[in-house]
Amino acid sequence: MSGEADFQSMTDNEMVLVALTGDTQLKTQLESLCGAKDVEAVALVVAGDPEKAARALGAAGTQGVGLYDLRGGGTQHHNLLAAIPTLSRNGPVIGLVDHEASQIAQGALAAGVTDVIAQGELTPAMLRRVLRYALARKESERKLTRLRLFDPVTSLPTQILFWEILSLAVRRAKRNHDFFAILLIDIENLPDGHSEDGPYQDLAMNELAQRITPVLRGSDTVSRFERQQLAVLAESMPRVEDVQIVAEKIIEELTRPLSLGIGPLSINVAVGISLYPTSATGAEGLLSRATDAMLQARDHGANLFVFA
């Protein structure tokens, strides 16, 4: 398959090379390389501008790799590097250069391409090796990003992602003169030890995460903030009374006895609540006030919530 952003017939099972170039001779060379016999098939898409190339990479999904024609090496080519971050958001990108040690090659690597390859090294086998490497590296990056942003036990956002979401919520609230709440939930009495299915604490946290989600709205965010803590961001809450109702429902759901194969288990929770903008107007201040309120709730007894 070849053509100007002709990506309607891409399949999930074949690699897709999206070439960003206006050179008809290179297009002919790539058609020959991608269609070479005795090697796995590679679908080819040729795009004449970065916007079309980005769309084609997006359409190719996890099997697409961009090949950005940066040959020539003149000063004007350095202006082309600005398109690399945009392309890379849609898939891995390889820079096609005259020489791998050239200034433009180094600039492309710094701008975010996965690899560079000189035109003189393009053979059917080399092309496929470079494509497989680019796809494998991108997949590894996706897995690492997911591990960093999502808790592997509960699939909830991690503390890192919660901070990012909270920072965006603060900006939205300032712009829209809105009101929101943070509920920091500390969980006590989680069991120690392991079962055949894994550590009891992880099993308990996974069940608690499943319980809390139906209590919240689709627009709310719940995170596994610490190993034994959950954090909830409830945006656009017009009244303090509404926040109180949410806190009561959370406590009711989380304190129902757990059954983990070791008999019924009761846990205690303490909920600290901070409000934007009355408690604080920044992400750090809001979480700090929620932490203080959670500690007060824990000191005053079991299964309580306290407003900052």
Going through segment 156-196 one residue at a time, which ones are modelled with pLDDT of 90 or more and among the hydroxyl-bearing types (Ser, Thr, Tyr)?
-> Thr158, Ser167
Test each condition in (1) touching a Ser or Thr at 6+ places or on another chain (Cβ under 7 Å); (2) assigned to a strand (DSSP E or B) for Ala280 and report the one that comes out false.
-> (2)
Residue that is surrounded by the fewest Cβ atoms within 10 Å (Cβ to Cβ), among those in segment 160-183 that are of a type outside the set (Gly, Ala, Ser) and within 13 Å of Gly285 (Cα to Cα) = Trp163
Has segment 128-146 got at least one residue that is under 21 Å from Gly48 (Cβ atoms), in the same structural domain as Asp23 (by TED's automatic domain parsing), of a type outside the set (D, E, K, R) and in contact with a helix residue (DSSP H, G or I) (Cβ under 8 Å, 6 or more places away or on another chain)?
-> no
Select, from Ser288, Ser274, the only residue that is of a type in the set (S, T, N, Q), buried (at least 22 other Cβ atoms within 10 Å of the Cβ) and more than 28 Å from Tyr200 (Cβ to Cβ).
-> Ser274
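The values are calculated or read from the model by the stated rules, or taken from the named source; none is laboratory data. Bear in mind that the values here come from a model prediction, so they are computed numbers and not experimental data. In this analysis, Cβ positions are derived from the backbone assuming ideal geometry, glycine residues included, and neighbour counts consider all displayed protein chains.
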